[in-house]
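Asks: One structure, as structure tokens, below. Some questions next.
No value in this document is a laboratory result; all are computed from the given coordinates. Here the structure is a predicted model, which means the values were calculated and not measured. Note: ideal-geometry Cβ built from the backbone for every residue, glycine included; neighbour counts use all protein chains shown.
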Amino acid sequence: MRINKKDWIFVAIIAAVFAVFYAISGEERTKRVPLDEKHRASYELFKKTGSKMEADKGCPACHFEPGGVPFPSKHPVKPKDGPMRCLFCHKLKLAGT
Ligand code: HEC
Ligand code: HEC
């Protein structure tokens, strides 16, 4: 069977659908920010400012190494790498965030 242009477009669409599923599942595997006493202030800050970047600034107060709450050894980024966008990966337990 000869693969024509139409077939290639079909293959590309299937591949794109799988790529999207993969990307979504990866995001969902990342743990959300717990809705507990320790994280209440971060939730309040986000609700007050409406800015995840503002809320991000509070995370390294506890999440730092050495001495603070440690990161997994395979954590993609560490605070020493520069400004942290924690909430870009770790979603808040709120609708639409
Ligand atoms: C580029 C995406 C990304 C960013 C930015 C990021 N993380 Fe993570 N983090 C992950 C992934 C992936 C894991 C491992 C999977 C998981 O357990 O969520 C993880 C795991 C963790 C864990 C361990 C969760 C457990 O298993 O108990 C903590 C705590 C954590 N991150 C805190 C932070 C904090 C605080 C920041 C900001 C200073 C941050 N992360 C920024 C992706 C990210
Ligand atoms: C007051 C200290 C404090 C602040 C501020 C804080 N955390 Fe945490 N975080 C903790 C502690 C302690 C843990 C360990 C688990 C626990 O006891 O809740 C934790 C656990 C986590 C986990 C892992 C949850 C799990 O399911 O294992 C993530 C993700 C996380 N924090 C993200 C963040 C992000 C993002 C911010 C900033 C918006 C932040 N934290 C701000 C103290 C803090």
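Asks: What angle, in degrees between 0 and 90 and rounded to the nearest 10, separates the Cα long axis of helix 37-49 from the longest principal axis of the Cα atoms of the chain?
Replies: Its long axis makes an angle of about 70 degrees.
Asks: Using a ≥ b ≥ c from the Cα gyration tensor of the chain (square roots of the eigenvalues), is it rounded, prolate or oblate, where a/c under 1.5 gives rounded and otherwise the larger of a/b and b/c decides, a/b for prolate? Intermediate values should be presented prior to the final figure.
Replies: Numbers: a/c = 3.44, a/b = 2.30, b/c = 1.50.
Taking the square roots of the gyration eigenvalues as a ≥ b ≥ c, the chain is prolate.
Asks: Per DSSP H run of n ≥ 4, the term is -39500 (n - 2.57); total these for the chain, divide by its residue number, and report the mean residue ellipticity at 222 nm rounded to 500 deg cm²/dmol. Before the final figure, lay out the partial values.
Replies: Working: 4 runs with 47 residues, N = 97.
Result for the chain: -15000 deg cm²/dmol, rounded to the nearest 500.
Asks: For a Förster distance of 22 Å, can you work out the FRET efficiency between the beta-carbons of CYS62 and LYS93, rounded to the nearest 0.05? Each step should come with its number before you reach the end.
Replies: Values: r = 18 Å, r/R0 = 0.80.
With a Förster radius of 22 Å, E is 0.80.
Asks: Which whole-number percent is the relative contact order of the chain (Cα, under 8 Å, 6+ apart)?
Replies: Details: 53 pairs, mean separation 29.7, N = 97.
Computed over the chain, the figure is 31 percent.
Asks: For the chain, find the longest principal axis of its Cα atoms and tell me its angle to the long axis of helix 5-29, 0 to 90°, nearest 10.
Replies: On a 0 to 90 degree scale, this one is about 20.
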